[in-house]
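The values are calculated or read from the model by the stated rules, or taken from the named source; none is laboratory data. On a predicted model such as this, the values are computed, not experimentally measured, just so you know. Quick reminder, even Gly has a Cβ in these numbers, built from the backbone with ideal geometry, and neighbours come from all protein chains shown. Heavy atoms of the whole protein, side chains included, go into the accessibility calculation; ligands, DNA and RNA do not. Shrake-Rupley method; radii C 1.70, N 1.55, O 1.52, S 1.80 Å.
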Amino acid sequence: MADTAVSPQQVPQRPQRATDVIVVGAGLAGLVTAAELTAAGRHVTLVDAEGPAALGGQAWWSFGGLFLVDSPEQRRLGIRDTADLALADWLGSADFDAGGAPGGGDEWSRAWAEGFIDFAAGEMRPWLHAQGVRWFPLVQWAERGGYLADGHGNSVPRFHVTWGTGPGILEPFVRALLDARAAGLLTGMFRRRVTGLVLTDGRVTGVRGDVLAADGAARGAPSSREAVGQFELAASAVVIATGGIGANHDLVRAAWPERAGRLPERMLSGVPDHVDGSGIEAARGAGAAVVHEDRMWHYPEGVTNHSPVWGRHGIRILPGPSSLWLDADGHRLPSPLFPGFDSLGALQHITGRGDDHSWFVLDKTILGAEFALSGSEQNPDLTGKDLRLLLQRVRPGAVGPVEAFAQHSEEFLWADTPGELAARMNALTGTDRIDPGRLDRTIRDRDRQVRTGLGKDLQVTATAMARRYVVDRVIRVAKPHELLDPAHGPLLAVRLSVLTRKTLGGLLTDTDGRVLRPGGGALPGLFAVGEAAGFGGGGAHGRRALEGTFLGGCLFTGRTTGKALADQLSG
C-alpha cells in the first residue's frame, strides 16, 4: 500500500467544535478507539507529537501478524485449534501473579487475556474481513516454546500474516477516520506533545502540553522537540494511546528486572524515537496506577539496519529452527533456546551472562530457506500485495531484503571454513572470544547428529519435527543437512544484538479500559488502550507473550474501550 494511503497530509490542526473525547496517540490502538467513538457519533480530537506522516505509529512498520484461533486458514492446513487450547498456551506463558491487594495482582490482566482469546477465536477475523482485510494463507508457527505441555509457547501455528502487512491492518481505520473527518466528527492536532493531564475536582477533563516546531520529517524519522508554544484542550474523557517505552533505553534499563541480568549499553531500537513512555508518565502524574513495569518483550535477534530510518534502528530476524545459536563465547544456548522457540528466555540467558551480542551460525541454504525479516518495509511482496514478488518465497534462495542484508550488512560474515569464520567473528567484535577449534567441534558434533537421520540432539530432532507441518516444510525449514557440506555453503555467522520493542506492563485498567488509581478505584475521565495499558489491564500478556498478540491487543483494547466509552457518554 502506498504510504500516502495512510498518511493524509491535509489534516486540520485546530478543533472545529467542542470535542467529546481526546485520544492521545495516533497509532493503531488510538485509531481504532477513535473509529469506534466517531461511529457512535462522538467527536474526537486526535492529538499526536508527530506529524501527519506518522499516522498509524508503530503498526505501520509491523509485519502485520495476528494471533487468530480456529481460523479458516488454520482449518485448511489441517491445524486443530480451539479457544481452550489457546488460553492454556497463554496462561502457560503468562505466569500471572495471584491475589494481593486490589490492583496488586493480575486480576485485570487475566480478565483482559481471557477476553482477548475469545476475541481471537471469534469476532476479530470476521470484523476485519468485513472491512476488506485479508491474510496470507500459509499460517506461520512463531514462538514454539519447546517446554512441557503446560509451559510457554504456541501448541499449533497461529501467526496469520496480513495481506498488506501493518499498513493493511491500518487501512480500514484510516479510511473510517477520513470519513469521520469529512463528517465533522474528527479533528487532528499534530505536533502537539502532551506533558500533563488537566484535573477538575479529581476528574480528568483535558490535556496540556507543548506545541512543537513544524517538522517535515519522514515517517519514523526523528523529529524536532523544540517547543514553540503551549496548548490546552478540554473534553469529557481522555484516552491514552501513546505506546510504551521501547525507544527510551534509559527507562528500559531502569525497569529491567535484576533477576534477568543486565541489559547492555549497546542496544538497537525496534521502534521509532518518539516511543518514549511520555503518555504513561503524564497519566502517572495525574494519579494513575502503573503496574508491572519490569515486564517487557525485547528480542535477542536484532541486526543493525543498513538503511536506518530512526535512531539505533534495528531489524529483527525471524528465524527458522536450523541455525546454531551461540553465545558470545561460542557455546550453544541451552535447550530449548533454539531459534524461534523462546525469545524472552534466550534474551534473559544472554543478559544473564552480561553480553551485548550472540550469534547465529548457519549456511547459505539455511539462509535462503529460513531467514525472514520483521517489518512492513522488509517484506515488499506482502506489503505491496505483489504476487510476482511473493513467488520468490517458494523458490530456492533468499528473498530480496534478506539478500540485501547478506550483501550489505557488516554483521553477516561469510567463510568457507569454521576457522576462517571464527577469525571474522572475532574481528567484528574486536575480541578473541570465539575459539576456532571449539567452533569447528561444535559444528562437526551437530553434523554428526544430522548424519544419523535420527540423533539425540534436541535441536536436530525439533527441526525434523517442524517439517511435519506442511508450511514449515515448504517455505520455512530447510531439509536437514550437514553445515560443512560444500553443496550448501559457504558458512555464515550473523551477530545478533538486543532489540528493544514492547512494554508488557503499563497503566492499570478495568475491562472497560478505565484507568485505575493505585489500590483500586477508577480515575474518572481517563482511559488507556494498546501498549500504554499493557495491552489491557496493565499487562494482559503476563511475563511472556505469544507472537501475533501485540497488534491484536491494540485492536481488542481499542475496540472494547471505544465501545464502552461511547456507551458511557450516551448514558
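Would you check if residue 433 is in contact with an Asp or Glu (Cβ under 7 Å, 6 or more places away or on another chain), on the phi < 0 side of the Ramachandran plot and at pLDDT below 95?
Against the criterion (in contact with an Asp or Glu (Cβ under 7 Å, 6 or more places away or on another chain), on the phi < 0 side of the Ramachandran plot and at pLDDT below 95), residue 433 does not qualify.
Being touching a residue at least 60 places away in the same chain (Cβ under 8 Å) and in contact with a strand residue (DSSP E or B) (Cβ under 7 Å, 6 or more places away or on another chain) is the requirement here; does residue 309 meet it?
Working: touching a residue at least 60 places away in the same chain (Cβ under 8 Å): yes; in contact with a strand residue (DSSP E or B) (Cβ under 7 Å, 6 or more places away or on another chain): no.
No, not satisfied.
Table: residues versus (1) under 20 Å from the mean Cα position of the chain (by Cα); (2) over 21 Å from residue 569 (Cβ atoms); (3) part of a loop (DSSP other than H, G, I, E, B); (4) free of Cβ contacts under 8 Å to residues at least 60 places away in the same chain.
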residue: 166; (1), (2), (3), (4): yes, yes, no, no
residue: 169; (1), (2), (3), (4): yes, yes, no, no
residue: 175; (1), (2), (3), (4): no, yes, no, yes
residue: 188; (1), (2), (3), (4): no, no, no, no
residue: 196; (1), (2), (3), (4): no, yes, no, no
residue: 219; (1), (2), (3), (4): yes, yes, yes, no
residue: 223; (1), (2), (3), (4): no, yes, yes, no
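Of the residues in the stretch 452-464, how many are surrounded by fewer than 13 Cβ atoms within 10 Å (Cβ to Cβ) and in a helix (DSSP H, G or I)?
1
For residue 330, work out the one condition from (1) part of a loop (DSSP other than H, G, I, E, B); (2) touching a Lys or Arg at 6+ places or on another chain (Cβ under 9 Å); (3) open to solvent by 10 Å² or more (accessible area, probe 1.4 Å) it doesn't fulfil.
(3)
Answer yes or no as to whether residue 205 is more than 28 Å from residue 356 (Cα to Cα) and under 20 Å from the mean Cα position of the chain (by Cα).
Working: more than 28 Å from residue 356 (Cα to Cα): yes; under 20 Å from the mean Cα position of the chain (by Cα): no.
It is false that residue 205 is more than 28 Å from residue 356 (Cα to Cα) and under 20 Å from the mean Cα position of the chain (by Cα).
Specify which of the listed residues (37, 28) is touching a Ser or Thr at 6+ places or on another chain (Cβ under 9 Å), crowded, with 24+ Cβ neighbours inside 10 Å and closer than 30 Å to residue 231 by Cβ.
When all the criteria are applied, what remains is 28.
Yes/no matrix, rows are residues, columns are (1) of a type in the set (Phe, Trp, Tyr); (2) surrounded by fewer than 15 Cβ atoms within 10 Å (Cβ to Cβ):
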| site | (1), (2) |
| --- | --- |
| 402 | no, no |
| 412 | yes, no |
| 415 | no, no |
| 419 | no, yes |
| 423 | no, no |
| 426 | no, no |
| 439 | no, no |
| 446 | no, no |
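Would you say residue 264 is within 22 Å of the chain's Cα centre (by Cα), touching a residue at least 40 places away in the same chain (Cβ under 8 Å) and farther than 27 Å from residue 403 by Cβ?
Taking the combined requirement at face value, the residue satisfies it.
Kindly check whether there is at least one residue in the stretch 304-324 that is on the phi > 0 side of the Ramachandran plot and among the charged types (D, E, K, R).
Among the residues of the stretch 304-324, at least one is on the phi > 0 side of the Ramachandran plot and among the charged types (D, E, K, R), which makes the answer yes.
Tell me whether the stretch 370-381 contains one or more residues that are within 17 Å of residue 318 (Cβ to Cβ), surrounded by fewer than 17 Cβ atoms within 10 Å (Cβ to Cβ) and without any contact (Cβ under 8 Å) to a residue 12 or more places away in the chain.
no
Anything in the stretch 248-267 that is surrounded by 15 or more Cβ atoms within 10 Å (Cβ to Cβ) and over 23 Å from residue 224 (Cβ atoms)? List them, or say none.
Going residue by residue through the stretch 248-267, those that are surrounded by 15 or more Cβ atoms within 10 Å (Cβ to Cβ) are 248-249, 251-252, 255-256, 260-261, 263-264, 267.
Result: 252, 255, 256, 260, 261, 263, 264, 267.
Of everything in the stretch 380-406, what is within 21 Å of residue 363 (Cβ to Cβ) and within 26 Å of the chain's Cα centre (by Cα)? Give them in sequence order.
392, 393, 394, 398, 399, 400, 401, 402, 403, 404, 405, 406
What's the total number of residues in the stretch 466-525 that are of a type in the set (D, E, K, R) and either closer than 30 Å to residue 287 by Cα or part of a helix (DSSP H, G or I) (or both)? Steps first, please.
At the first step, the residues of the stretch 466-525 found to be of a type in the set (D, E, K, R) are 467-468, 472-473, 476, 479, 482, 485, 495, 501-502, 510, 512, 514, 517.
Then drop every residue that is not either closer than 30 Å to residue 287 by Cα or part of a helix (DSSP H, G or I) (or both), which leaves 472-473, 476, 501-502, 510, 512, 514, 517.
Qualifying residue count, the stretch 466-525: 9.
Give the residue, chosen from 365, 351, that is touching a helix residue (DSSP H, G or I) at 6+ places or on another chain (Cβ under 7 Å), under 20 Å from residue 152 (Cβ atoms) and not in a loop (DSSP other than H, G, I, E, B).
Matching residue, one of 365, 351: 351.
Any residue in the stretch 486-497 that is modelled with pLDDT under 95, in contact with a Leu (Cβ under 7 Å, 6 or more places away or on another chain) and either over 22 Å from residue 90 (Cα atoms) or of a type in the set (S, T, N, Q) (or both)?
Checked against the condition, which is being modelled with pLDDT under 95, in contact with a Leu (Cβ under 7 Å, 6 or more places away or on another chain) and either over 22 Å from residue 90 (Cα atoms) or of a type in the set (S, T, N, Q) (or both), the stretch 486-497 yields no hits at all.
Exactly one of these conditions fails for residue 208: (1) assigned to a helix (DSSP H, G or I); (2) open to solvent by 30 Å² or more (accessible area, probe 1.4 Å); (3) in contact with a strand residue (DSSP E or B) (Cβ under 6 Å, 6 or more places away or on another chain). Give me its number.
Checking residue 208 against (1) assigned to a helix (DSSP H, G or I); (2) open to solvent by 30 Å² or more (accessible area, probe 1.4 Å); (3) in contact with a strand residue (DSSP E or B) (Cβ under 6 Å, 6 or more places away or on another chain), the one that fails is (1).
Let me confirm something: among 112, 135, 127, which residue is closer than 20 Å to residue 469 by Cβ and open to solvent by less than 40 Å² (accessible area, probe 1.4 Å)?
On the way: 112 fails: closer than 20 Å to residue 469 by Cβ; 127 fails: closer than 20 Å to residue 469 by Cβ.
Being closer than 20 Å to residue 469 by Cβ and open to solvent by less than 40 Å² (accessible area, probe 1.4 Å) holds for just one of 112, 135, 127, which is 135.
How many of the residues making up the stretch 159-173 are buried (at least 20 other Cβ atoms within 10 Å of the Cβ) and touching a helix residue (DSSP H, G or I) at 6+ places or on another chain (Cβ under 7 Å)?
Keep residues of the stretch 159-173 that are buried (at least 20 other Cβ atoms within 10 Å of the Cβ), which gives 159-162, 164-170, 173.
Add one more test, that the residue is touching a helix residue (DSSP H, G or I) at 6+ places or on another chain (Cβ under 7 Å), and what stays is 160-162, 164-167, 169-170, 173.
Selection size over the stretch 159-173: 10.
Across the stretch 536-571, what is the number of residues that are in a loop (DSSP other than H, G, I, E, B) and either out of contact with any strand residue (DSSP E or B) (no Cβ under 8 Å at 6 or more places or on another chain) or open to solvent by 10 Å² or more (accessible area, probe 1.4 Å) (or both)?
So the first thing to find is which residues in the stretch 536-571 are in a loop (DSSP other than H, G, I, E, B), and the list is 536-548, 571.
With either out of contact with any strand residue (DSSP E or B) (no Cβ under 8 Å at 6 or more places or on another chain) or open to solvent by 10 Å² or more (accessible area, probe 1.4 Å) (or both) added as a condition, the list becomes 540, 542-544, 547, 571.
Qualifying residue count, the stretch 536-571: 6.
Of the residues 522, 493, 487, 478, which is over 30 Å from residue 173 (Cβ atoms) and open to solvent by 10 Å² or more (accessible area, probe 1.4 Å)?
487
Specify which of the listed residues (473, 433) is open to solvent by 40 Å² or more (accessible area, probe 1.4 Å) and free of Cβ contacts under 8 Å to residues at least 24 places away in the same chain.
Among 473, 433, only 473 is open to solvent by 40 Å² or more (accessible area, probe 1.4 Å) and free of Cβ contacts under 8 Å to residues at least 24 places away in the same chain.
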